[in-house]
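Read through the structure below, which is laid out as structure tokens, and then see the notes.
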């Protein structure tokens, strides 16, 4: 069975990641896998050290060997810290009602680890920033940027605090790919029972209104209570103002063809939207 995979670290985002993943696993009725990855670039193993340089003196060899020993000790401490974080996350998820919770710790590269896990991944949950960017409130982590470019499964981006959403907003452009994503979302139990706002930011034409109405029909046929809106202007500003006015709890976005939404998602506006957002975001590829 596919899992909800949550990336756990020591950042301030960890509680929100854990709570969001716990909620999603219950909505999807699937196991929750809590993952902590020790980056091999920050925590090298002994085999990664090159001791074959111009050593010359025995003292140099001894110093290099001592460096390896200290790195190994540091790695052991990091592994123990990782276990403690995973244990706390598991206890938190259990208190939140999640079932079938497992923990994993890996020593390697996060993107490579997640890529290898994609066949068993139904949803990935990550924090907006990791430990390296934890004090930068309007910054998205470099790991998250790499994951967004690489992973094809849905990614839920969490903030430090998470509350189960009641109202979601789907940023829609009417393309065939967007319609497919909307159909998939409509058939998923993730947002069952929630109020949904289908929002398009584009010129006010009959074609765009028809496309929006078709999308609305898909959601209503699936039992969603829906509202729709065709907005004009800057995408970032239009979505932000709509979110604030309608008290949206979670934003759903996707990379659709070569539309304005795609430019919004994969360009600098994406970074701006993610970094400034006051609510979680679900990214669809």
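Please treat every number below as a calculation from the coordinates, not as lab data. Computed from a predicted structure; not experimentally measured. Here Cβ is always computed from backbone atoms with ideal geometry, including for glycine, and neighbour counts include all displayed protein chains.
Using the average count of surrounding beta-carbon atoms within 10 Å as a protection proxy, the listed peptides 201-207, 177-183, 167-173 rank, highest first, as 167-173, 177-183, 201-207. Here the gap between residue 69 and residue 213, fully extended at 0.36 nm per residue and compared with their Cα-Cα distance, gives a gain of 45.4 nm.
Report note on the peptides 72-84, 241-253: ranked by the mean count of other C-beta atoms within 10 Å, highest first, their order is 241-253, 72-84. For the range 184-256, the average shadow cast by the Cα convex hull is 5.0 nm², which is a quarter of the hull's surface.
Summary of packing: across the peptides 187-193, 15-21, the per-residue average of other C-beta atoms within 10 Å ranks them, highest first, as 15-21, 187-193.
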